[in-house]
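Down below is the structure, laid out as structure tokens.
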Amino acid sequence: MGLFVPDDPHIDESKRQTGFYRYRQLLSVRFAGWWQVGLLTLLGFMPLTAGVAFAVMSSSVLVLLPCSFLGGVVAGPFLAGLYDAILLGLRDDPLPWRERYARSWRQNWKGSLLPGGVLGLLLGIYAFMAMLFWWAEVPPSWGTLALYLFSLLVVLLVNTIYWPQLVLFRQKTSIRLRNCLLFTIKYFWRVLGAALLQMGYLAILVLFAPWTLVLLVITGIWYILFLALLLIYDQLDEAFEIETLYGKADK
């Protein structure tokens, strides 16, 4: 299954491919599992979505803050499971996705509650600010928009590096954040590209809503996270020795 591209019968899927062929190989082998985990992740984000929507409709920050945080707490374990499932595929782990997903919940649900809550709170604030821009009688200045987009880019950038560490290693939050900074400095353009990909996908979902709800059923959150992690996976492996620690699958 080469999403958006035809399958190539001449590719030997028993060997790890490189470049664009690696993208096609992973989708061919992992699509079904990632899609199912993606649907579960969307369900996990429903309380956050409902809470933020209610806060926006009621124009209440007092409603927004607790709803966003609690919704993010609920979504955190689901997001951790999705990151773990994608990394499982990227390192060619042979375990069935259901077994690995259940193990991820057992290992990561506690550690993902607070990061999920913080992420939910930030997403809620950004959604509320976007609606304020839309409702404002005077359009926001270019500087305000630039600051808004830059801060959102930073959030996406940090999350792209933070969550893989959360599901792969047992570390203090301060160490993970320090690693995010050092990794970004060392692989700046790769990490920036991964964050820009996610921002572009988010822009498409927002600008073309509600028609993009159909797209969400197919690609959900999993597809853009897969693209972002595929872009930086070799660098993640070099920095954190993922495949050395977890072992390579038999080729």
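Taken together, the values in this text are just the output of simple stated rules run on the coordinates, not laboratory data. All of these numbers come straight from a predicted model, not from anything done at the bench. We place every Cβ from the backbone using ideal geometry, glycine too, and count neighbours over all the protein chains shown.
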Given unit charges at Cβ for Lys, Arg (+) and Asp, Glu (-), the dipole magnitude of the chain about its Cα centre in debye, nearest 20, is 580 debye
Taking the chain, the equivalent ellipsoid from its C-alpha gyration tensor has semi-axes in Å, biggest first, of 31, 20, 19
Taking max minus min of the Cα coordinates of the range 54-99 on each principal axis, largest first, gives extents in Å of 48, 15, 12
Proximal lysine pairs in the chain, meaning Cα under 30 Å and 8 or more positions apart or interchain, come to 8
Computed over the chain: longest principal axis from alpha-carbon atoms vs helix 173-186 long axis, angle to nearest 10 degrees, is 70 degrees
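So if the hydrodynamic radius of the range 147-251 is defined as the Kirkwood radius over C-alpha pairs, what does Stokes-Einstein give as its diffusion coefficient at 10 °C and 1.306 mPa s, in µm² per second? Can you show the working numbers first?
Numbers: Rh = 15.0 Å.
Translational diffusion coefficient: 106 µm²/s.
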In order over the range 220-230: 3J(HN,Hα) from phi, Karplus 6.51/-1.76/1.60, θ = phi - 60°, whole Hz, x for each Gly or Pro, gives x, 9, 4, 5, 6, 5, 4, 4, 5, 6, 4
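Mean shadow of the range 50-133, computed from the convex hull of its alpha carbons, in nm²?
Details: hull surface 24.4 nm².
Across all orientations, the range 50-133 yields a mean hull projection of 6.1 nm².
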Taking every other residue with Cβ under 14 Å from the Cβ of residue 223 and scoring Lys and Arg +1, Asp and Glu -1, one gets +2
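Per residue and in cubic angstrom, what volume does the convex hull of the Cα atoms of the range 28-168 have? Kindly include the intermediate steps, with their values, before the conclusion.
Working: hull volume 16.4 nm³, N = 141.
Value for the range 28-168: 116 Å³ per residue.
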Ranked by GNM mean-square fluctuation in the chain (Cα springs under 10 Å), the top entry among 54, 45, 183 is 54
In Å, the C-alpha Rg and Dmax of the range 147-208 are 12.6, 39
Between the Cα axis of helix 97-135 and the main Cα principal axis of the chain, the angle (0 to 90°, nearest 10) is 30 degrees
